[in-house]
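This report refers to the structure that appears directly beneath it.
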Amino acid sequence: MGGGILSSIIKWTVEKLLALATTTASSPAEPRNDVEEELRKLQRTMMRIQAKLDDSEEQDIRDEPVRLWLSELKDVAYDAQDAVEEYEYQVLRAEAESRSRGGGRHKGMHVEVCDYSISAPSRISFPEDLASKLKKIRERFDEITGEWKALRLGKKHGKRRRDESGNCRQTSSCFDESIVFGREDEKEKLIGLLLSEADDFDGRGGTVSLIPIIGMGGVGKTTLAQLVYNDPRVFNCFDTRGWVCVSEEFDVVGLTRKILVSFFKTTVDYTELNELQQELKENLQGKKFLLVLDDVWNEKPSLWELLKVPLLDAGVGKVIVTTRNECVARIMQTMEPLSLNILSFDKCWMLFEKLALLEGLDSSSRHNDLVEIGRKIVEKCKGLPLAVKVIARALSYEDDEDKWMDILESERWELVDANLEILPALKISYDCLPIDLKRCFRYLSLFPKDTVLYERYIVHLWMSQGLLRPPRSKQAEDIGSDYVRNLVERSILQIKGIRTGGHALDPEEEKELVMHDLVHDLAQSVAQGESLSIAANKLASIFQRDGDKFHKVRHLYLVFDDRMAPTDVKALLKLKRLRTLITNGSRFNEKYCCEFIDELFHNLKYLRALNFSRTHISGLPDSIGDLKLLRYLSIEGANIDSLPESICSLYNLQILSLTGTLGLRELPSGILNLPNIRHLMLSHTRIAVPRGLGKLTYLQTLDCFALGPTSWRIEIEELKGLVNLRGKLIIENLRYVDKSVPRTETPLQTKDRIEFLTLDWYEGGTCKDEDMDEDTSKQVLECFRPHPNLQRFLIHAYGGARFATWLGDSSFSKLVNIEIVVCLKCNLLPP
């Protein structure tokens with residue numbers, strides 16, 4: 001780790017300390033208690049460290065003693081962050097209590113964590129040990145920085161680079177063919193193999209022909225498979241086609257389910273292998289099928305033999321397997337493997353030129369100056385398309401010839417991590433990232449390979465860790481979206497496909513984002529053990545094997561392949577520095593589930609993000625109130641019927657996701673006391689929100705807003721108060737709104753960030769259009785006129801015969817999709 005990442009951590013903490021110092025003390029020179037005095041001392045200490053680190057801001061540190069020293073300094077910097085945010089929590093608590101006593105929000109007392117505008121009442125109580133904790137942290141800083149001169153940290157430790165401010169592999173059959181160069185011969189050979197014996201597809205049964213594509217990482221195996229899969233000749237030859245990314249975990253049950261879904265695009269509820277295989281066999285019977293198994297690592301013949309049984313029984317078909325491993329090919333092949341070699345220089349140059357020069361900024365003026373440097377860079381990529389693509393994307397942001405020369409002359413080209421096979425070009429592309437974007441990229445190493453990610457989820461997690469520091473004029477969410485787009489443009493993240501909303505009335509679409517496995521290896525390498533994804537039943541073994549490194553893990557993704565044993569639970573409880581805990585669903589032992597979660601919350605007091613989605617828990621214990629620094633909480637799909645009142649003391653909470661919690665019927669009233677809540681995901685859960693929701697003026701996401709039969713007037717008024725709503729909004733039960741609604745009501749017209757809107761008159765089990773007055777329905781629709789920035793609009797169960805005058809108005813120039821569903825009385829479309 002160079003000084004840049006550490007420097008950014010310390011800079012963040014110093015900024016927070018400065019904000020706290022100037023807003024919570026009556027006199028900046030006179031701290032009122034031991035805690036504030038220690039905070040001032042810590043601030044001065046960290047500012048001195050910051051100044052010293054500036055000299056090595058962008059150095060690439062390679063001396064092992066210096067690396068270890070920086071790592072130790074980083075650990076203490078994280079501890080300082082924790083302590084400072086403990087103090088900040090007390091400020092938030094005091095502000096909330098003062099507001100509660102005053103009966104409303106007080107001017108100048110709102111705390112917005114992301115923007116660091118902190119202000120608080122003069123009387124704040126603190127934990128007894130906070131002052132001593134701050135003192136110990138300061139003393140540890142002094143002890144570590146005392147070694148600075150001995151280490152002689154300076155320019156000799158790495159080439160200084162300019163500051164360019166400004167896990168997961170999953171693949172699909174979709175790709176951008178315009179940036180594919182070469183592979184014509186290999187493509188035709190593979191298509192020939194697929195189309196051979198086509199006359200034998202008579203549906204009476206036969207064998208499965210399997211063709212392996214072998215090559216090193218980044219050489220283009222997946223791209224070749226995509227080219228062939230989407231060729232019209234192949235498309236017309238097969239009755240059904242399927243694409244499954246296998247990666248490192250060769251789980252026969254899971255893969256069989258994925259194959260079924262890929263072939264037949266249907267939901268599969270079976271959990272037993274026998275049922276899945278029978279379903280696959282029956283559906284494939286008599287069909288010509290093509291299956292791509294991408295990125296296979298399995299070396300166990302028994303697993304392949306088990307997986308292919310229903311394919312053989314079903315009939316005849318072709319299977320393409322991509323793999324880096326010749327052993328895998330030998331196990332699976334029935335036809336001669338197709339070995340994929342590196343690309344020729346000319347083809348690599350065509351790819352580089354298109355991405356770095358022709359698609360770059362101001363290409364005409366800089367093309368000639370940079371061609372010579374670019375050709376030398378392409379030579380260093382040694383024929384690997386992935387390396388060419390990533391380095392070209394990074395250089396497309398650069399106009400400065402000197403910066404191109406810096407990359408050409410970088411020592412990184414000679415340094416390859418033999419254990420992780422990190423390509424030099426990938427490491428150089430990481431070096432080109434701005435510091436804040438580097439930290440966000442490192443965080444993504446938390447997710448296992450094959451994880452499909454979504455922009456909103458990534459951005460919310462980044463927010464929870466304080467990784468998005470917007471200027472005053474911009475929201476953290478917008479900075480996060482810019483970062484995601486930046487990573488996609490640099491080919492660090494790839495777009496796999498599009499996911500539509502999970503409900504018939506949900507018009508939202510989300511891009512499915514994935515990471516190439518070599519890029520994921522890079523993320524894990526630069527994360528330096530801060531993040532860990534691991535099977536829950538292996539926690540104890542890794543703790544015994546590497547306890548020192550285990551204690552330093554701050555972000556944990558638990559994969560539940562089996563139930564956690566008591567020893568694994570004890571190991572998890574030792575990770576007291578955890579800032580992120582994500583599970584992929586769980587099989588907690590019900591006997592000690594509640595007790596375990598209660599103990600977990602008591603121990604992991606520095607959690608910023610907790611994702612218990614699809615976890616088999618029946619409730620949250622009161623101890624969740626101990627997670628004072630928690631900013632992100634998701635219990636999507638959990639079977640709970642109530643939330644503890646203690647959740648209302650999580651004053652840092654910004655994101656609360658309750659989608660799919662079918663048993664939950666209402667939110668605790670104290671939820672309105674959370675000053676920083678920005679995203680409340682309740683989509684289609686029919687959860688009643690407490691009166692006063694309109695006070696949460698910083699709320700940006702409310703997904704679904706359901707009107708009540710007697711309370712709709714108040715609820716419309718509160719909707720008007722939610723001035724910062726953005727993205728998707730579904731308004732349900734509009735049938736309750738009667739003709740007394742004023743024609744001047746416009747609760748949506750000023751909300752210029754809402755892009756997807758659903759207006760729904762439907763109620764419960766049946767649609768009763770005959771009960772709705774046509775004039776009233778039309779008047780209500782007029783009332784809910786949106787802002788012209790709307791992009792997608794869905795209207796459901798509307799009871800009018802004519803639509804509102806605004807629908808079809810030329811001012812809605814951004815509206816690209818309209819869905820009119822079950823509007824039975826309408827007999828004329830709007831203009």
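Every read-out reported here was derived from the displayed coordinates using simple, explicitly stated rules and does not represent laboratory data. Predicted, not measured: the structure shown is a model, and the values here were computed from it. A quick note on method: Cβ atoms are made from the backbone with ideal geometry, for glycine too, and the neighbour counts reach across all protein chains shown.
Descriptive notes on the structure:
- Taking label points 7 Å from Cα along the Cα-to-Cβ direction, residue 746 and residue 573 give a separation of 5.9 nm.
- What separates the Cα centres of the stretch 633-683 and the stretch 208-248 is a distance of 44 Å.
- Length-normalised contact order of the stretch 721-831 in % [C-alpha pairs under 8 Å, at least 6 apart]: 27
- Distance between the C-alpha centres of the stretch 798-828 and the stretch 281-315: 48 Å, rounded to the whole angstrom.
- Counted by Cβ distance under 14 Å from residue 75, the other residues give a net charge of +4, where Lys and Arg count +1 and Asp and Glu count -1.
- The stretch 769-811, relative contact order [Cα under 8 Å, separation at least 6], %: 58
- Reach of residue 628 by Cα under 19 Å, taken over lysines that are not fewer than 8 positions away in the same chain: 16, 133, 574, 576, 605
- Neighbour net charge for residue 252 - beta-carbon separation under 12 angstrom, K R +1, D E -1: 0
- Computed P(r) (all Cα pairs; the stretch 240-342; 10 Å bins; percent): 15, 51, 29, 5, 0
- Calculated SAXS-style log₁₀ I(q)/I(0) at q = 0.12, 0.23 Å⁻¹ - the stretch 284-414, Debye, Cα scatterers: -0.65, -1.29
- Short-range pairs are left out: with C-alpha atoms under 8 Å and at least six residues apart, the relative contact order of the stretch 183-339 is 39 percent.
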